[in-house]
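Since the structure comes first, as C-alpha cells, the remarks are kept for the end.
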Amino acid sequence: AAIEFGLDAPYDVEYHERIPSTNDRARELAADGTENDVVVADEQTGGRGRLAREWTAPSGGIWVSLLLRPSRPPADVPLYTLAAAVAVARASRDVGVDARIKWPNDVLVADEAGEERKLCGILTEMEGEADRVSWLVVGPGINANIDADALPPDATSLRAEVGDVDRRAFLQGVLEAFHRLTRRDAEVGEILDAWREHAATLGRRVRVDTPGGVVEGEAVDVRFPGSLVVRTDGDDERVVHAGDCEHLRP
Ligand code: BTN
C-alpha cells in the first residue's frame, strides 16, 4: 500500500511491513524502469550493510531505499550518499538528537563520555555507463523506535536517545532535506558545506582502512565528490576516496 507523503519532492512511496531488503526491492524496481520511488519497510529480514555485512533491521526502524535516476556521471554518486547522511542528521536534530556524520556516511551519536554509537548507516548501489548513471539506490537504515539491546553493541536508536518518534514525519523530513540538497539546480558545494556542518570526523585523528592501505592522521576536509583529506604525521596531504574510517581517541 502506498503512503501519501504530500511532499514537494516527487517520490512515490511503497511501504512494506516486512521485506528481505528495501535495497533489493528498489533494485527490482530499477530493473522494471521505475523512477523516483522510495521503498520503506518496518522490518527487514535480510537487511544488507556495506562491505557485504549483514544489517540488523528489526520492526520499528526506518528502513528506506531511494531509487533515483540522476542525469549525472557515476563519479558524482558519492555526493548523493553524503546528502542522505546530512538529511538524516538534520532530521535527527529536529527531534533533539545531536547526530553527526562519520566519514563518509555513518550517522553517529556521542554519549557524555564521548563514546560514539551508530544511529544510521547508508548502503548506496548503482549501475551506469562511463558518463551517466542508469539507476542509483541510496539506502539509509535509521534505528528509530527500537530498543538499543535489539541492536549491535556499537549502535544506538532514536528511542534510546530521545524516545519514540513519529516515523512518518521523520522520514518526510529526511526526504525533504535530501530533495533540497539534490534538486536539479543544486550546487555541489552546498552538499559539501552541509556535510562539513554536521561532520564528526573533521578535526579528528582518524585511521582509514583504504583499498590502498591504512592512512592515519588528522581529517582536515571533505572534497568533491566526497573524498576525505587527511594530513598525515609526516605533514603529507592524502586524499582518501573510499575506506573504513575509525575515529581515534585524542
Ligand atoms: C552500513 O552502514 O553498512 C549500511 C547499512 C545500510 C542499511 C540500510 S536499511 C535500508 C537499506 N536496505 C538494506 O538492505 N540496506 C539499507
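Filter the DSSP H helices in the chain by two things, a Kyte-Doolittle mean of at least 0.5 and an axial alpha-carbon span of 18 angstrom or more, and list the hits by number. Can you show the working numbers first?
Details: long enough: 77-94 (26 Å, 0.78); 167-182 (22 Å, 0.00).
Passing helices, by number: 77-94.
For Ala130 and Ala169, the difference between the fully extended length at 0.36 nm per residue and the C-alpha to C-alpha distance is 10.3 nm. 3J(HN,Hα) along the range 236-250, derived from phi through the Karplus expression 6.51 cos²θ - 1.76 cosθ + 1.60 where θ = phi - 60°, amounts to 8, 9, 10, 9, 9, 8, 8, x, 9, 9, 10, 7, 9, 6, x Hz, with x in place of Gly and Pro. All Cα-Cα separations within the range 205-247 were binned at 10 Å from zero, giving a P(r) of 34, 62, 4, each value a whole percent of the pairs. Taken along its principal axes, the alpha carbon cloud of the range 76-195 reaches lengths of 44, 26, 24 Å, longest axis first.
Free of any GluC sites (Glu not before Pro) that DSSP assigns to a loop and that have at most 12 other C-beta atoms within 10 Å, the longest stretch within the chain is 5-111.
With only alpha-carbon pairs counted, each pair once and no self-pairs, how large is the Kirkwood hydrodynamic radius of the chain in angstroms?
Details: mean 1/r = 0.0548 Å⁻¹.
Kirkwood hydrodynamic radius for the chain: 18.3 Å.
What is the chain's relative contact order, in percent, from Cα pairs under 8 angstrom and six or more apart in sequence?
About 17 percent, as a whole number.
Between Ala113 and Ala150, what's the calculated FRET efficiency when r is the beta-carbon distance and R0 is 35 Å? Round to 0.05. Here the calculated transfer efficiency is 0.95. For the pair Glu54 and Ala242, label points projected 7 Å from Cα toward Cβ lie 2.5 nm apart. For the chain, a Gaussian network of Cα nodes joined below 10 Å ranks Arg90, Arg69, Arg100 by mean-square fluctuation, and the top entry is Arg69.
Neighbour counts of other Cβ atoms within 10 Å put Phe178, Phe170, Phe224 in the fewest-to-most order Phe224, Phe170, Phe178.
Every number in this text was worked out from the coordinates using simple rules, so none of it is lab data. All figures in this text were calculated on a predicted structure; none of them were measured in a lab. When we count neighbours, we look across all protein chains shown, and the Cβ atoms used for this are built from the backbone with ideal geometry, even at glycine.
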